[in-house]
1. Determine, for GLU137, GLU92, GLU33, the number of other Cβ atoms within 10 Å of each Cβ, and report the residues in order from fewest to most.
2. Let me check I've understood the local charge: for ASP41, count other residues with C-beta under 10 angstrom from its C-beta, Lys and Arg +1, Asp and Glu -1. What total comes out?
3. Quick one: what do you get for segment 45-84 if you divide its Cα Rg by 2.2 N^0.38 Å?
4. Spelling out what I want: for every residue of segment 94-101, take phi, set θ = phi - 60°, compute 6.51 cos²θ - 1.76 cosθ + 1.60 (Karplus), and round to whole Hz; glycine and proline get x.
5. Can you give the FRET efficiency for ARG59 and ARG134, using 1/(1 + (r/R0)^6), R0 = 35 Å, r = Cβ-Cβ distance, to the nearest 0.05?
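Values quoted throughout were computed directly from the atomic coordinates according to the rules given, and no laboratory measurement underlies them. Note that the structure is predicted; figures quoted are calculated from it, not measured. Methodologically, a virtual Cβ is constructed for each residue, glycine included, from the backbone with ideal geometry; neighbour enumeration extends over all protein chains shown.
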Amino acid sequence: MIAPMRRRRKLAPIAVVATFFLAPDVAWARTLEIVSYPVADVWPSTVRFLRVDRNFPIREKDDDAGYILFDYLDGPKTCKGSLELIRITDKEGRDATRLAVSIPDLPHRYEQMLLDRLVAKLRDDRGPPAPPPRKPESPTPNPDAAPN
């Protein structure tokens, strides 16, 4: 009788850890997208997109901190959502923005759909991103110069 109790005690921590890793991590999930526009250009379009285009109530926004808290309306259901704008530099050296959307009460596809529509709006509003900055040309060594 003692052996099964010991076995359960040994398995309990494993079960807790397995539950932690296998359970859906909805509260931590967020969907990311990078757009090659500076935050200053993305911010007004994002607020307009959420409030005017999608008709979502904005509960709080802070352009200095780069976040918007909004209510995602899904029929009769209202879900809390957040959108962060993070200043970055893209692969080509342009000022860019990382968009991070989180709607914990809905499946991931809703976040992705919202981001896809926002990115399309940014392209419509802003046109193509600015070309990447030119890299300074390194001086070519003169083969005739004498070494020091």
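1. On the way: GLU137 6, GLU92 13, GLU33 17.
Arranged by neighbour count, lowest to highest, GLU137, GLU92, GLU33 become GLU137, GLU92, GLU33.
2. Details: positive: ARG126; negative: ASP95, ASP125.
Summing Lys and Arg as +1 and Asp and Glu as -1 gives -1.
3. Details: Rg = 9.9 Å, N = 40, 2.2 N^0.38 = 8.9 Å.
So the Cα radius of gyration is 1.11 times the expected 2.2 N^0.38 Å.
4. 8, 5, 9, 9, 9, 9, 10, 10
5. Details: r = 43 Å, r/R0 = 1.22.
Calculated transfer efficiency: 0.25.
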